[in-house]
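Presented below is the structure to which this report refers.
The values are calculated or read from the model by the stated rules, or taken from the named source; none is laboratory data. Note that this is a predicted model, so its numbers are computed, not measured. Here the Cβ is made from the backbone with ideal geometry for all residues, glycine too, and neighbour counts use every protein chain on show. Just so you know, the surface numbers come from the protein's heavy atoms only, side chains and all, with ligands and any DNA or RNA stripped out. Shrake-Rupley method; radii C 1.70, N 1.55, O 1.52, S 1.80 Å.
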Amino acid sequence: MDAFISHTGIGVPLKRSNVDTDQIIPAVYLKRVTRSGFEDGLFSAWRGDPGFVLNNPAYAAGSVLVAGPDFGTGSSREHAVWALQNYGFKAVVSSRFADIFRSNSGKAGLVAAQVDEKVVQRLWELLESQPGAEVTVDLESRTVRAGDGPDAVHDSFDIDDYTRWRLLEGLDDVGITLGHEADITAYEASRPSWKPVTMRRG
Amino acid sequence: MGRTLSEKVWDEHVVRATPGEPDLLFIDLHLIHEVTSPQAFDGLRLAGRSVRRPDLTLATEDHNVPTLDWDKPIADPVSRTQVDTLRRNAAEFGVRLHPLGDVDQGIVHVVGPQLGLTQPGMTIVCGDSHTSTHGAFGAIAFGIGTSEVEHVLATQTLMQAKPKTMAVTLTGSLPAGVTAKDMVLTLIAHTGTGGGQGYIVEYRGQAVEELSMEARMTVCNMSIEWGAKAGLIAPDQTTFDYIEGRPEAPTGADWEAAVAHWKTLVTDEDAIFDEEIVLDASRMTPFVTWGTNPGQGVPLGASVPDPGSFEDEQDRVSAENALRYMGLEAGTPMREVKVDTVFVGSCTNGRIEDLRLAASIIKGHTVDATTRLLVVPGSVRVRLQAQEEGLDKIFLDAGAEWRGAGCSMCLGMNPDTLEPGERSASTSNRNFEGRQGKGGRTHLVSVPVAAATAIRGTLSSPADLEAVAVVKEA
């Protein structure tokens, strides 16, 4: 996974709450067996609407999504994160993320930056009044910044320490855990014999 | 200070705990299906890794398999590739697989409990958010993404920050005709879709204790719909009776040892939850959704709400969008909503008790001429059991379609989908826009409401059928 320190790119105001994973990418698009090529399915039901924000040329090359609360609710499909990444998004800013979506983002290298709801509102106002304006998501300082002058937004965001560290270092979780293999083996030896197995050994 | 049930189960699975880092948790059972696993196996292959514990791993085909012609090659080439990929991966990495056509094939969350693999005190994960179903047995069970699937395959562990704890206490007894589904839909309307976020929830109280094992699974299944990390119920005699004798259940001295341990899996009297919700189950009624998230629901006897009645602006906008999408007018009685398709099935309501309940209501009636009823068993075993009891005949005689096992119309990955604008009453778990097919409109309902709706063609409860029968007799 590539390290993420800071990213600056066009901000996209997605003025909706409860953007569930079926909106991010419907199930019919989940049949690929690769991690790429999911951009076609991203927000597919809305992409047909000429008024949809990503159909506005000013936002089409966006890489920082700013969405309403409860972003990513529903399914555990990591495809939702891949679809955003495949399209070109590096970060999502919202006042509340669903747990599994947040976790999947951290594993796949998409920054889920949780901010106060007022910050989302101010970013929306700024991005709507200045289409194509850039937003900076700085993981090192945990800040989100956009615009300048009186409308400028400069605020902190929440992301858990461990995920932040892993993203900054670009570390692979499996590799870290395999470093603790002796602990796993010791735990396995202590498990009760009546615990179920899916196949008998030997 | 005492510990809650979920804290006890969590503590038993900590492989490694370090301040400032998530706990490393051992996973007792990893369930796999065709949709969220291919990229995980690819990751293993790329890194030259193997599956650490194939003996704690089980795969089945459920999400995109057809419920007709399942003995023929899958017609959709992309679905077929995904299923073939699972078969290749299972063979290469030595994972037990129940493929299409196998007697133990079915929805992953129906298959685990049915085989007796789901037991109290376990940690269970799957690349599917409805893994919360298994919490009904007193297990910590939750959905994970594909990167985590790869992590579990490689290490049989997961890094997890310990969630907060919440108690949902359901007092009193559910009235007759009101089900576990109504209970959980009422709860979600109360909390909203984000109310459980960051919590492992324990459902307790008289109304929960009185539920059958399968009804408990319905409640825990929808924990994710209000954002909870997991939902669980303390194991009791109902749990033990359900597990005993199943193919993978412990036997003999192992059974005694297991039950002795399971009996310790209760929240201590002096344990403190971070949060508590109390709801009176005795006042609950059949509950249906009107909107596009599972929290947008009302009692069947109520009307479509006026978006203007919501104080919160986000809720108001969300309701306006939902009514537009659903093609509903504020103030319309829910009972007047005409339904095109009724779907009985899914990991929420696709078990044998659900089919028995549906059949008991449909028996002697005919499905409305302008409505189609799709009955999809959650597993092949459920299908065979239903056929042995003659339930298939009741459905077919009424004019319903009796299908093969799988996720089917719950998420429309297979050919069972709604057309744009088509309206369903569905016993599944999500009413998101386009969930059951692009432009499809979903009302989440209980099994009795689904059955009565199929007969009347509008959202109904079995009580409405009795009224019709009385009028006809008079």
Residue check for B:Val9: part of a helix (DSSP H, G or I) and buried (at least 19 other Cβ atoms within 10 Å of the Cβ):
yes
If you take the residues in the stretch B:74-103 that are open to solvent by less than 20 Å² (accessible area, probe 1.4 Å) and of a type outside the set (S, T, N, Q), which one is farthest from B:Leu153 (Cα to Cα)?
B:Ile74
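Listed here are the residues, each with its yes/no results for (1) farther than 23 Å from A:Ser6 by Cβ; (2) surrounded by 19 or more Cβ atoms within 10 Å (Cβ to Cβ).
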position	(1), (2)
A:Val115	no, yes
A:Ser129	yes, no
A:Glu134	no, no
A:Val137	no, yes
A:Ser141	no, no
A:Gly149	no, no
A:His180	yes, no
A:Arg200	yes, no
Within the stretch B:20-69, track down each residue that is within 20 Å of B:Cys407 (Cα to Cα) and surrounded by fewer than 18 Cβ atoms within 10 Å (Cβ to Cβ).
B:Leu68, B:Asp69
List the number of the failed condition for B:Gly301; all other conditions in (1) small (Gly, Ala, Ser); (2) open to solvent by 50 Å² or more (accessible area, probe 1.4 Å); (3) more than 22 Å from B:Asp464 (Cα to Cα) hold.
(3)
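Here's the yes/no breakdown for (1) under 26 Å from B:Gly195 (Cβ atoms); (2) more than 14 Å from chain B (Cβ to nearest Cβ); (3) of a type in the set (Phe, Trp, Tyr):
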position: A:Asn104; (1), (2), (3): yes, no, no
position: A:Leu139; (1), (2), (3): no, yes, no
position: A:Ser156; (1), (2), (3): yes, yes, no
position: A:Asp172; (1), (2), (3): no, no, no
position: A:Ala182; (1), (2), (3): no, no, no
position: A:Pro196; (1), (2), (3): no, no, no
Within the stretch A:34-70, the residues that are in a loop (DSSP other than H, G, I, E, B), among the aliphatic types (A, V, I, L, M) and under 18 Å from A:Arg16 (Cβ atoms) are A:Leu42
Residue check for A:Val92: surrounded by 24 or more Cβ atoms within 10 Å (Cβ to Cβ) and in contact with a Leu (Cβ under 9 Å, 6 or more places away or on another chain):
yes
Among the residues of the stretch B:38-70 satisfying the criterion of being in contact with a Gly (Cβ under 6 Å, 6 or more places away or on another chain) and not β-branched (Val, Ile, Thr), which is nearest to the other protein chains (Cβ to nearest Cβ)?
B:Pro54
If you scan the stretch B:153-170, which residues turn out to be part of a loop (DSSP other than H, G, I, E, B) and either open to solvent by 30 Å² or more (accessible area, probe 1.4 Å) or at pLDDT below 95 (or both)?
B:Ala161, B:Lys162
Residue check for A:Arg122: assigned to a helix (DSSP H, G or I) and either under 30 Å from B:Pro38 (Cβ atoms) or of a type in the set (Asp, Glu) (or both):
no
Might you check whether a residue that is open to solvent by 10 Å² or more (accessible area, probe 1.4 Å), in contact (Cβ under 8 Å) with a residue 12 or more places away in the chain and touching a His at 6+ places or on another chain (Cβ under 9 Å) occurs anywhere in the stretch B:138-152?
no
Of everything in the stretch B:156-170 that's touching a Lys or Arg at 6+ places or on another chain (Cβ under 6 Å) and closer than 30 Å to B:Ala40 by Cβ, which residue is farthest from the other protein chains (Cβ to nearest Cβ)?
B:Pro163
Every residue from the stretch A:123-144 that is within 12 Å of A:Val66 (Cα to Cα) and in contact with a Ser or Thr (Cβ under 6 Å, 6 or more places away or on another chain):
A:Glu134, A:Thr136
Leading residue by the ranking (nearest to B:Leu58 (Cα to Cα)) among those in the stretch B:76-96 that are small (Gly, Ala, Ser) and at the interface with chain A (Cβ under 9 Å from one of its Cβ atoms):
B:Gly94
